[in-house]
Amino acid sequence: MTQFTYQAMDAEGKRLRGNMDATNLSDLELRLKRMELDLIDCKAVEQRTPVLRKRRIKRSDLINFCFYMEQLSGAGVPMLETLTTLRDNIDHPRFREVVADLIENIEGGLLLSQAMAKHPHIFDQTFVSLIAAGEHSGKIAEVFLNLTETLKWQDELASQTKKLMMYPAFVSVIVLGVTFFMMIYLVPQLVSF
């Protein structure tokens, strides 16, 4: 596959830029059509070194993804229809591409867990294994519910840890400031005294 940088237009006329892997130009157009985007311009990118600059997917986006997957799959909506609805409502362009790729892989005959395994930077091995267990047991909605709760707990834990670290960091800055002031201003005056 070749990586293309593209410029496309959505239904409202807003121009979007991005990168996408495709076998050729017509494949790129087809993938963008599935994302309801019209291709304006594209250029093949030489891949000299692996691209390490992947835009990170926020935990909140993943929480929303799991929540809506749980709600829609629990209501009996087919998986492809669920993913298509999600793809249309996701604001994050990189995550939208990932969901579009999930749809293509599922249409190609893969299970959801197998399609997710192709994106290890977003869906880790534990996540994929839980989804596979939910597919085999028929309780995918419960798995997504548990994943949503776990991700929320991790998010709250991370925010509480940041809050707990703010006070010691603030005190450290004050102590360093006072020490710096004493060493630069006060100590030379005491020495001369």
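Worth pointing out:
- Listed residues Thr150, Ser73, Ser172: farthest to the positive end of the dipole of the chain (Cβ charges): Ser172
- With every protein chain in place, the stretch 72-180: carbon and sulfur % of accessible area (1.4 Å): 63
- Here the stretch 62-108 is treated with +1 on each Lys and Arg Cβ and -1 on each Asp and Glu Cβ, and its dipole about the Cα centre works out to around 120 debye.
- The Cβ shell under 15 Å around Met35 holds other residues with a net charge of -4, Lys and Arg each +1, Asp and Glu each -1.
- Neighbour count of at most 15 Cβ within 10 Å plus DSSP loop: longest trypsin sites (Lys or Arg not before Pro)-free window in the chain: 59-117
- For the chain, the longest principal axis of the C-alpha atoms and the axis of helix 140-181 are separated by about 20°.
- Rounded tilt (10° steps) of 79-89 against the dominant C-alpha axis of the chain: 50
- Taking Ala169, Ala100, Ala44 as the candidate residues, the one with maximal mean-square fluctuation in a Gaussian network model of the chain, Cα springs under 10 Å, is Ala169.
- Using a probe of 1.4 angstrom and keeping all protein chains present, the accessible surface of the stretch 73-193 works out to 65 square angstrom per residue.
- On Cα atoms only, tilt of 125-137 relative to the major axis of the chain in degrees: 40
- The candidate values were (1) 15.7, 42; (2) 24.1, 85; (3) 15.5, 47; the one computed from these coordinates for Rg and Dmax of the Cα atoms in Å carries the label (2).
- What the phi angles of the stretch 99-115 give under the Karplus curve with 6.51, -1.76 and 1.60, with θ = phi - 60°, is a coupling list of 5, 5, 5, 4, 4, 4, 5, 5, 5, x, x, 7, 7, 4, 5, 5, 5 Hz, glycine and proline written as x.
The values are calculated or read from the model by the stated rules, or taken from the named source; none is laboratory data. Just so it is clear, the structure is predicted and the values come from calculations on it, not from any experiment. For neighbour counting, all protein chains shown are included, and Cβ atoms are generated from backbone atoms with ideal geometry for every residue, glycine included. The area values use the complete protein model at the heavy-atom level, side chains included, leaving out ligands, DNA and RNA. Shrake-Rupley method; radii C 1.70, N 1.55, O 1.52, S 1.80 Å.
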